[in-house]
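Encoded as structure tokens, the structure appears first; notes follow it.
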Amino acid sequence: MVAHPDWAGLGLLLAQGLAVAWLGCVCLTWRLLARPPRRTAAFAIARGLPSDPGELAPAPAHWGQWTVRWRGVDIPVWELPGARPQRPTVVLTHGWGDSRVTMLGRADALRQSFARVVLWDLPGHGEAPGSCALGLREAGALGALLDRLDGPAVLYGFSLGAGLSIRAAAERPESAGGVGARVTGVIAEAPYALPGTPARAVARMRGLDVPGCVWAALLLAGLARGAGPRWLRAGGGFDRRAWAAQLRSRRVPLLVLHGSQDAVCPIDDGRAIAGAGGGQLRQLAGCSHLTMWRTPGARDEAAAAVEAMAAAVASA
């Protein structure tokens with residue numbers, strides 16, 4: 001007598017295996033997003049890049065380092081002088097998986113247009129303790145940093161940092177009661193509207209682009225931080241277009257710098273955010289997500305756009 005295969009049992013076993021694999025992918029994606037790679041001084045030294053402001057050429061005559069405390073975490077900060085003492089301070093906020101070390105190239109260019117440059121590590125990045133909240137909470141950390149500064153400030157953010165800069169400026173009181181910096185402009189490099197956009201790109205680069213996996217990982221990350229599913233949708237609490245619209249109502253100038261070939265944060269997002277904020281979009285032809293400040297022609301064009309913004313804000 002020939003035994004027939006138990007197809008139902010085999011199908012159930014296969015379904016269970018696929019479910020376990022999918023859940024494993026969700027957990028890996030969640031961990032990847034919440035625990036990005038650390039870009040510290042060792043990262044820069046290994047690539048022959050400046051590891052602190054003193055290694056810029058020419059090096060600033062003096063620069064300082066200090067910490068700001070937020071939610072029980074001491075966040076490291078660098079501060080260096082700029083070439084235009086009568087202009088605002090510029091505060092640089094890096095993107096996911098980056099750090100103040102990786103922003104030194106931008107700081108070197110921007111210090112020509114501002115009174116001083118401040119760089120910091122987001123929680124869970126660089127040398128800052130903690131984990132990445134994917135843009136849900138970190139605007140509060142930027143606000144705590146602004147409370148330690150004085151005078152007018154322009155916020156410059158890249159990718160994740162661009163959205164945080166927009167939100168922090170929108171939430172900043174019109175008058176801080178004499179305490180803290182007053183935000184007079186925002187420069188957003190390669191911003192994105194919704195969290196799923198860059199998360200899917202990162203997962204795809206890591207071979208984790210399984211259907212539904214990124215959405216589930218973001219949902220879990222949001223729930224762990226008290227945010228419901230709506231934070232992932234258009235019009236939800238994260239949507240950078242809505243925060244940019246608040247900048248428009250408060251008449252805070254907005255400049256969006258975006259590479260035309262950005263595959264991580266498509267330029268359509270930058271265009272929508274600039275439109276919502278009543279700001280200017282400067283498209284850098286041929287630039288990807290990371291090459292704007294590494295390409296000589298694009299670097300000059302971006303620096304010129306920043307200089308025009310800084311001069312306009314200072315005169316206003």
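The values are calculated or read from the model by the stated rules, or taken from the named source; none is laboratory data. Keep in mind that what you see is a predicted model, and the values were worked out from it rather than measured. All Cβ positions, even for glycine, are placed from backbone atoms using ideal geometry, and neighbour counts span all protein chains on display.
Annotations
- Matching residues in region 181-207 - criterion: being surrounded by fewer than 20 Cβ atoms within 10 Å (Cβ to Cβ) and of a type outside the set (S, T, N, Q): Arg182, Gly196, Arg200, Ala201, Val202, Arg204, Met205, Arg206, Gly207
- Residue in region 127-150 that is among the polar types (S, T, N, Q), within 15 Å of Arg100 (Cα to Cα), part of a loop (DSSP other than H, G, I, E, B) and in contact (Cβ under 8 Å) with a residue 40 or more places away in the chain present: no
- A single member of Ala285, Ala312 is among the aliphatic types (A, V, I, L, M), surrounded by fewer than 22 Cβ atoms within 10 Å (Cβ to Cβ) and under 18 Å from Ser113 (Cα atoms), and it is Ala312.
- Taking the criterion of being surrounded by fewer than 22 Cβ atoms within 10 Å (Cβ to Cβ), part of a helix (DSSP H, G or I), among the hydrophobic types (A, V, I, L, M, F, W, C) and modelled with pLDDT of 90 or more, the residues of region 224-258 that qualify are Leu232, Ala242, Ala245.
- Subset of region 1-51 [of a type outside the set (Ser, Thr, Tyr), at pLDDT 80 or above and not in a helix (DSSP H, G or I)]: Arg35, Pro36, Pro37, Arg38, Arg39, Arg47, Gly48, Leu49, Pro50
- Identity of the residue in region 116-141, among the aliphatic types (A, V, I, L, M) and out of contact with any strand residue (DSSP E or B) (no Cβ under 6 Å at 6 or more places or on another chain), that ends up nearest to Val183 (Cα to Cα): Ala139
- Tally, over region 151-180, of residues that are among the polar types (S, T, N, Q) and either surrounded by fewer than 21 Cβ atoms within 10 Å (Cβ to Cβ) or part of a loop (DSSP other than H, G, I, E, B) (or both): 2
- Pairs, first touching a residue at least 40 places away in the same chain (Cβ under 8 Å) in region 36-50, second of a type in the set (D, E, K, R) and not in a helix (DSSP H, G or I), C-beta under 8 Å, six or more apart: Arg38/Glu127; Arg39/Asp98; Thr40/Glu127; Ala41/Asp52
- Within region 83-121, the set of residues being in a loop (DSSP other than H, G, I, E, B) and either without any contact (Cβ under 8 Å) to a residue 24 or more places away in the chain or farther than 17 Å from Ala44 by Cβ (or both) comprises Ala83, Arg84, Pro85, Gln86, Arg87, Pro88, Trp96, Arg111, Gln112, Ser113, Phe114, Ala115.
- Matching residues, region 192-218, being more than 24 Å from Gly275 (Cα to Cα) and in a loop (DSSP other than H, G, I, E, B): Arg206, Gly207, Leu208, Asp209, Val210, Pro211, Gly212
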